[in-house]
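Presented below is the structure to which this report refers.
The values are calculated or read from the model by the stated rules, or taken from the named source; none is laboratory data. Since we're looking at a predicted model, the values are computed, not measured. Virtual Cβ from ideal backbone geometry, glycine too; neighbours counted across all protein chains shown.
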Amino acid sequence: MKKKILVVDDEPDINFLFKMILEENSEFMVHSFTDPLLALKNFKSNLYDLILVDIKMPEMDGLDFYREIRKIDKNVRLCFVTASEKYYEPFRKEIYDILGENCFIQKPIANEDLLKLVKTMIKR
């Protein structure tokens, strides 16, 4: 059975790229949203094996999204995506103990590195 991944990033190109890379490997099925509020509205507990969420988005940032998701599903794995170190460090300090060190993806990321990281996160 394919592992389900939710990608939430306000950049449509990133969503498309992540979906393409991850679905190329027949192990994964990817659902993506450019609107975090819409992703949250459609989220169902125990549906996804992993969530990849951008930190900096309009309407709702990645940390707020994370907090809301945890109210619905305490067990889903989540990994933050960021293009800026300036957002990365404050988030890492605040939730490092909760998520661990491998839950941040720095954009841009090589296709094989993304695939390797996702496989590692899902196997945990």
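Return yes when Tyr48 is farther than 16 Å from Met1 by Cα, hydroxyl-bearing (Ser, Thr, Tyr) and surrounded by 18 or more Cβ atoms within 10 Å (Cβ to Cβ) and no when it is not. The answer is no for Tyr48.
A single member of Lys19, Lys41 is within 18 Å of Ile105 (Cα to Cα), surrounded by fewer than 21 Cβ atoms within 10 Å (Cβ to Cβ) and among the basic types (Lys, Arg), and it is Lys19.
Counting only strands (runs of 3 or more DSSP E) that sit wholly inside the range 1-112, those with at least 2 residues that are modelled with pLDDT of 95 or more and not β-branched (Val, Ile, Thr) are 3-8, 28-33, 50-54. Within the set Met29, Met60, Met1, the sole residue that is within 16 Å of Lys123 (Cα to Cα), surrounded by 15 or more Cβ atoms within 10 Å (Cβ to Cβ), out of contact with any His (no Cβ under 8 Å at 6 or more places or on another chain) and of a type in the set (A, V, I, L, M) turns out to be Met29.
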